[in-house]
1. Which fully enclosed helices (runs of 4 or more DSSP H) of the stretch 88-157 have 2 or more residues being within 17 Å of S178 (Cα to Cα) and not aliphatic (A, V, I, L, M)?
2. If only one of N198, N174 is surrounded by fewer than 12 Cβ atoms within 10 Å (Cβ to Cβ) and either at pLDDT below 90 or not assigned by TED's automatic domain parsing to the domain that holds T104 (or both), which one is it?
3. Out of the residues in the stretch 93-106 that are of a type outside the set (D, E, K, R) and under 18 Å from A158 (Cβ atoms), which is surrounded by the fewest Cβ atoms within 10 Å (Cβ to Cβ)?
4. Filtering the stretch 147-164 down to residues that are over 21 Å from S109 (Cα atoms) and among the small types (G, A, S), which residue is modelled with the lowest pLDDT?
5. Quick check on this structure: which one of L144, L167 is in contact with a His (Cβ under 9 Å, 6 or more places away or on another chain) and modelled with pLDDT of 90 or more?
6. Just name the residue that is nearest to D123 (Cα to Cα) out of those in the stretch 158-181 that are in a loop (DSSP other than H, G, I, E, B) and touching a residue at least 60 places away in the same chain (Cβ under 8 Å).
7. Quick check on my filter: what residues within the stretch 39-62 are polar (S, T, N, Q) and at pLDDT 80 or above?
8. Of all the residues that make up the stretch 139-156, how many are exposed (fewer than 10 other Cβ atoms within 10 Å of the Cβ) and charged (D, E, K, R)?
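The values are calculated or read from the model by the stated rules, or taken from the named source; none is laboratory data. Note that the structure is a prediction, hence the values are computed from the model and not measured. Please note: Cβ atoms are built from the backbone with ideal geometry, for glycine as well, and neighbour counts cover all protein chains shown.
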Amino acid sequence: MQEKTVEIVNVPAIDLISYIHKITDFFVSSLPSFIVGIKSFYGFAAGISLVVSVMLFIGIILCVERLKDIRKKEDEIYNAKVDMGYETVGEANPELLSKWKKVTTYIESDNESDWRQAIIESDIILGDLLIKEGYQGEGIGEQLRRVVKSDFQTLDQAWEAHKIRNLIAHEGSNYPLSKYEAKRIINLYHQVFKEFFNF
């Protein structure tokens with residue numbers, strides 16, 4: 001009986017452990033450059049962020065300082081002392097003087113609703129004046145439209161004051177009114193009344 005010979009084929013041996021070592025070595029050797037890359041990116045981003053943060057902080061400080069200057073100028077403009085010309089009244093109709101005294105009491109109050117009331121009361125006096133002078137119309141606006149400028153030197157002041165009164169009446173507390181502005185409007189009414197009454 002003849003024995004069978006088995007041919008051994010040369011199959012390359014796979015050394016799994018050395019293969020894993022090689023892969024691990026590759027990643028480990030590549031890792032430092034990868035980490036450096038990440039570090040350099042975050043370092044760059046951090047550097048830019050720091051510069052931008054400092055610039056924004058300086059910008060905030062400058063804005064706050066500028067805002068303080070603006071507030072100071074606003075205070076000078078809107079809280080300035082208004083010449084109280086309307087306080088001086090000469091001999092006039094006692095009823096008119098009584099109404100005007102009420103107006104001056106309201107305007108000197110620290111209550112904003114009193115300032116609004118002072119303007120409304122002044123407009124009532126303006127209405128009485130227009131009726132006394134013979135101007136007809138549904139309301140003060142219509143009466144003022146019938147006025148001839150040459151007969152009414154303070155017509156512009158009357159119109160301006162009356163328009164503010166309308167805003168106050170229609171918008172109520174939604175219409176912002178400072179004490180300075182209220183006094184300015186009362187002075188406009190006073191200029192009108194001085195032209196026609198013995199104020």
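1. Filter on the stretch 88-157 gives 94-107, 112-132.
2. Of N198, N174, the one residue that is surrounded by fewer than 12 Cβ atoms within 10 Å (Cβ to Cβ) and either at pLDDT below 90 or not assigned by TED's automatic domain parsing to the domain that holds T104 (or both) is N174.
3. For the stretch 93-106, the residue satisfying everything is L96.
4. S150
5. L144
6. L177
7. Within the stretch 39-62, just S53 meets the criteria.
8. Qualifying residue count, the stretch 139-156: 2.
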